[in-house]
1. Could you check, for the range 79-86, whether at least one of its residues is at pLDDT below 95 and buried (at least 18 other Cβ atoms within 10 Å of the Cβ)?
2. Only residues in the range 18-34 that are on the phi < 0 side of the Ramachandran plot count as the first member; pair them with residues that are part of a helix (DSSP H, G or I) and modelled with pLDDT of 90 or more, Cβ under 7 angstrom, at least 6 apart or cross-chain, and list the lot.
3. From 106, 71, which residue is farther than 19 Å from residue 148 by Cβ, surrounded by fewer than 16 Cβ atoms within 10 Å (Cβ to Cβ) and in contact (Cβ under 8 Å) with a residue 40 or more places away in the chain?
4. With respect to the numbered conditions (1) more than 28 Å from the chain's Cα centre (by Cα); (2) surrounded by 14 or more Cβ atoms within 10 Å (Cβ to Cβ), which one is the sole condition not fulfilled by residue 209?
5. Where in the range 189-294 are there strands (runs of 3 or more DSSP E), lying wholly inside it, with at least 2 residues that are within 24 Å of residue 96 (Cβ to Cβ) and without any contact (Cβ under 8 Å) to a residue 60 or more places away in the chain?
6. Do you know which of the residues in the range 46-62 that are part of a loop (DSSP other than H, G, I, E, B) and touching a residue at least 12 places away in the same chain (Cβ under 8 Å) is surrounded by the most Cβ atoms within 10 Å (Cβ to Cβ)?
7. Working carefully through the options 127, 169, 163, find the one that is within 23 Å of the chain's Cα centre (by Cα) and outside the structural domain of residue 265 (by TED's automatic domain parsing).
């Protein structure tokens with residue numbers, strides 16, 4: 001009997017704790033709602049409310065614009081602030097520095113707002129804390145903050161379009177296109193150089209790029225958007241799966257002393273998993289030079 005009494009006491013305490021937790025959540029939602037309504041009133045804004053609880057307006061509609069689907073690349077400008085105007089983050093529109101995001105690759109605060117926009121559209125979005133950073137606090141973001149986003153979607157590009165964009169941007173004309181999907185063009189030829197075959201140890205210089213810029217800092221600590229995700233010199237054994245399939249295939253079509261451009265579809269790149277700073281479903285551009293082979 002004593003154990004049974006203790007059980008019901010514990011159950012009662014847990015119920016009380018849950019009730020307190022729900023009260024806190026409800027209070028936060030109420031506070032956020034009052035803050036948003038006050039901001040809309042002061043700013044003379046008339047915003048729609050989504051089923052999720054986000055407030056928004058589409059400022060420039062484009063009925064013929066493309067909607068982003070899974071694996072598409074969305075390029076956009078954005079500005080993120082608190083409702084009091086405190087700046088949290090933004091892209092540099094004056095410098096043409098777009099943010100790129102592979103749709104469906106990650107779960108971020110930007111996903112819900114961008115799902116309301118087509119290519120060529122812009123909008124204003126106000127997210128209560130439950131749809132933003134919740135109870136987490138950061139340097140410029142207090143816990144349970146309401147977040148304001150201004151977003152301008154410039155383009156929505158399929159992977160096939162990104163592969164063509166690489167060719168245009170880097171002036172890759174009349175490339176070879178192999179059954180795997182690899183797009184290959186020799187930039188410097190060396191007919192007398194030793195051919196590369198499977199099992200050889202190969203030393204290469206390389207630079208790998210995405211089809212959009214990643215946020216980085218230059219030597220002076222200024223914010224830049226750089227398409228390069230990696231570069232350097234390394235040695236690997238060709239034809240053994242030590243590197244992504246598209247890179248391996250491209251190197252084995254080269255000779256020592258040659259340089260080439262490799263445009264690699266995601267299926268022979270990092271695929272649906274991605275790697276580090278490379279999101280899933282990302283096509284890649286490499287400039288490579290074979291400097292030696294054993």
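The values are calculated or read from the model by the stated rules, or taken from the named source; none is laboratory data. Note that the coordinates shown come from a computational prediction; the quantities given were computed from them, not determined experimentally. Using ideal geometry, Cβ is built from the backbone for each residue, glycine included, and neighbour counts are taken over all protein chains shown.
1. Looking through the range 79-86, none of the residues is at pLDDT below 95 and buried (at least 18 other Cβ atoms within 10 Å of the Cβ).
2. What qualifies is 28/129; 29/130; 32/129.
3. Criteria check complete, one pass: 106.
4. Unmet condition: (1).
5. Values: elements: 201-217, 223-237, 259-264, 284-293.
The qualifying strands (runs of 3 or more DSSP E) are 201-217, 223-237.
6. So the residue we want is 54.
7. Just a single option satisfies the conditions, and that option is 127.
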